[in-house]
1. Residues to consider are ASP205, ASP143; find the one that is free of Cβ contacts under 8 Å to residues at least 60 places away in the same chain, surrounded by fewer than 19 Cβ atoms within 10 Å (Cβ to Cβ) and at negative phi.
2. Give me the pairs: first residue in segment 271-286 and within 22 Å of MET256 (Cα to Cα) and free of Cβ contacts under 8 Å to residues at least 12 places away in the same chain, second residue assigned to a helix (DSSP H, G or I) and of a type in the set (D, E, K, R), beta-carbon distance under 8 Å, and six or more apart or on different chains, which are they?
3. Can you give me the ranges of the helices (runs of 4 or more DSSP H) entirely in segment 256-359 with at least 3 residues that are over 30 Å from ALA381 (Cβ atoms)?
4. Pull up segment 221-257, narrow it to residues that are under 26 Å from GLY180 (Cα atoms) and either charged (D, E, K, R) or assigned by TED's automatic domain parsing to the domain that holds LEU152 (or both), then point me to the one that is surrounded by the fewest Cβ atoms within 10 Å (Cβ to Cβ).
5. Could you list, in sequence order, all residues of segment 167-188 that are touching a strand residue (DSSP E or B) at 6+ places or on another chain (Cβ under 9 Å) and not in a helix (DSSP H, G or I)?
6. Every residue in segment 80-108 that is over 15 Å from GLN119 (Cα atoms), within 23 Å of the chain's Cα centre (by Cα) and surrounded by fewer than 24 Cβ atoms within 10 Å (Cβ to Cβ), please.
7. Quick one: count up the residues across segment 260-269 that are out of contact with any helix residue (DSSP H, G or I) (no Cβ under 7 Å at 6 or more places or on another chain) and either of a type in the set (D, E, K, R) or buried (at least 19 other Cβ atoms within 10 Å of the Cβ) (or both).
8. Kindly indicate which of GLU279, GLU290, GLU272 is assigned by TED's automatic domain parsing to the domain that holds LYS325 and touching a helix residue (DSSP H, G or I) at 6+ places or on another chain (Cβ under 8 Å).
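The values are calculated or read from the model by the stated rules, or taken from the named source; none is laboratory data. Note that the structure is a prediction, hence the values are computed from the model and not measured. A quick note on method: Cβ atoms are made from the backbone with ideal geometry, for glycine too, and the neighbour counts reach across all protein chains shown.
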Amino acid sequence: MDVDNDGNHALGKVRVLELAGELGAYTGKLFADLGAEVIRIESLDGDPTRRQKPFFRDNPGEENSLRYQYLNTNKKGMVLDITLPEGREIIRKLVQNVDILIESNPPGYLDKLGIGYEQLRVINPKLVYTAITPYGQTGPYKDYPYSDLTVLAMGGFLYMAGIENDKPAQAPDKQSYFMGDLYAAFGSIVALYHANITGEGQFVDISLQESVTTALENAIQAYDLEGRIQRASGSVEAGYGTYCCKDGYVYVMAAMGRNTHLWDPLARWLIEEKIPDAESLACAQWAEPEYRKRKESKELFKQIFERFSRQRTKQELYEESQKRKVVIYPVNTSKDVSKNPQLNHRKFFKAMRVEALGGTVCYPGAPYKLEKVPWELRKAAPYFGEDTGLVLLESGYSKSQIKSLAERGVVYVK
């Protein structure tokens, strides 16, 4: 992999063209935050995430969506109508000097416009062309409409999130999109290594459904080998599940088959604290899974444990449980996460002033720390059309040509 001239960024010489909407934006961000030059193409209607809540200080506006601001850090922003012949010609010129193209259009859409993979690979044989779609480029579902909800359902994740006979539960914040975008970034970087070694680019086909299905842990194996359809365990037995505490909830896992190495220290702790009826938890029958699954057993454990837990905060329970080798974890809210001592010790959250918003935004940082490869927030998400003129100038267009393109609605220049 090339390194930029001053050696500061591992992806400093990588150039990415992002012809994506909400889907695919995180893929581009992962490259941009490690130093790649990422040029994000928006239509004249604007990126749909610009209109999504939450807004900075609850004030809707073209630049104010916090989702847009998060997904597009460190990118250049260009506004271009690819449905027009001159717009497509701009794409062809840009592709001459691009390593990776990311797109999330319906299968075949860019081919019909003359800027699909087969057309662009003629211009740039080393091009890595990554397409992110709900069901992939082939198969009976490839043209079906989609949403995060439908893809989570089709990938099996929605059913897994339910408990026993309860309705399925949807994970928040479009998790299927992030899953697909992560695999798109991984597939793209592998393909880029291959292109650097062989001189040959390739098509990278990312399916959201397949990305979601990889997150099912051992559910497929459980069905294949045991004929068992797996769901979330919830509170299927005493000492296993979510319980109330003083400031919210904690998750307890004190039962594991007939092994009592998790149960016994919890029972001793409750007895030491003189919790009423805690002595009953030390009886031998609690070691039997079938006994713990009884309704009356679950209710009894809940009564005893919550007499104890409701008097303590989730953080107090967590810290003391770690000392006692008891498995109790806080069910953290976003407020808890933002104040978490571990995350703040490692300086996970990064603050940056965003001029478009007239204020400072706190961003989640990178979920990795590379000793010799920096990750940094260098630039806020681009204004609408902020870099259109610059990118066109760098591509050989004159100022008069750029002005003409803008006047004819091919591009928008801020």
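1. ASP143
2. The qualifying pairs are ILE271/GLU279.
3. The helices (runs of 4 or more DSSP H) meeting that bar are 263-272, 289-292, 295-309, 314-324.
4. ASP224
5. Of everything in segment 167-188, just one residue is touching a strand residue (DSSP E or B) at 6+ places or on another chain (Cβ under 9 Å) and not in a helix (DSSP H, G or I), namely ALA169.
6. Answer for segment 80-108, where residues must be over 15 Å from GLN119 (Cα atoms), within 23 Å of the chain's Cα centre (by Cα) and surrounded by fewer than 24 Cβ atoms within 10 Å (Cβ to Cβ): ASN105, PRO106.
7. 3
8. It is GLU279.
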